[in-house]
Amino acid sequence: MTVIELNEITTPPSANHATKALQGLVLFDQRTEDERGQTGFVLGSLGDAVDSKKFNGFFDVVVGNPPWSVVNDNERSKELDRVGTELGRSVLKARGLDDAAAEYANPGGVPDLPFLWRAGRVG
C-alpha cells in the first residue's frame, strides 16, 4: 500500500492489478476531497480522511515488506516526518509511554514507521 501512496501512483487500484475482492477490504481511498484533485504526494491513509472509528484499534498484526526507500524530496519528507512524529507520539502516549512520546521524532523521510504507527493507533 505504501508503494501506491508514496510513489505517486494516481491510477485507481484496479489499474495496479488489484482485484475487486481487495477494494473495500484492504484497499481504501483515504484521500481528502482536496487531495483527490491534487497530483503528486498526498498523505492518503496517513492523513485526516481515515475514519478513526473504523480503523483505530482494529489491527492485531501488521504485515509489511520493509525496507522501503527513504523519501528524498525535502518537502515531502518534512510532511511525512511531521505526520509520522504526531502518529508515533499519540500511539506511545495512549500506551502510557509519555517519556518516549515526548522524545520521539520520525527518522528523516522513512515512510514505513508512520504506516506502522497509524496501524497501531487506538481510541
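The values are calculated or read from the model by the stated rules, or taken from the named source; none is laboratory data. Values in this document were obtained by computation on a predicted structure and should not be read as measured data. Positions of Cβ are generated from backbone atoms using ideal geometry, with glycine treated the same way; all protein chains shown enter the neighbour counts. With ligands, DNA and RNA removed, areas are computed over all heavy atoms of the protein, side chains included. Shrake-Rupley method; radii C 1.70, N 1.55, O 1.52, S 1.80 Å.
Using beta carbons and a limit of 9 Å, which pairs, at least six apart or on different chains, have the first residue in the stretch 21-42 and modelled with pLDDT of 75 or more and outside any loop (DSSP other than H, G, I, E, B) and the second one aromatic (F, W, Y) and crowded, with 16+ Cβ neighbours inside 10 Å?
Nothing qualifies.
Can you tell me how many residues in the stretch 71-99 are open to solvent by 50 Å² or more (accessible area, probe 1.4 Å) and of a type in the set (A, V, I, L, M)?
2
Scan (1) at pLDDT 60 or above; (2) open to solvent by less than 80 Å² (accessible area, probe 1.4 Å) for the single condition I9 breaks and write down its number.
Going through (1) at pLDDT 60 or above; (2) open to solvent by less than 80 Å² (accessible area, probe 1.4 Å) one by one, I9 breaks only (1).
Could you grab the pairs with beta carbons closer than 7 Å, sequence gap of 6+ or different chains, first residue in the stretch 88-116 and in a loop (DSSP other than H, G, I, E, B), second one of a type in the set (K, R)?
Within 7 Å, the pairs are Y104/R89.
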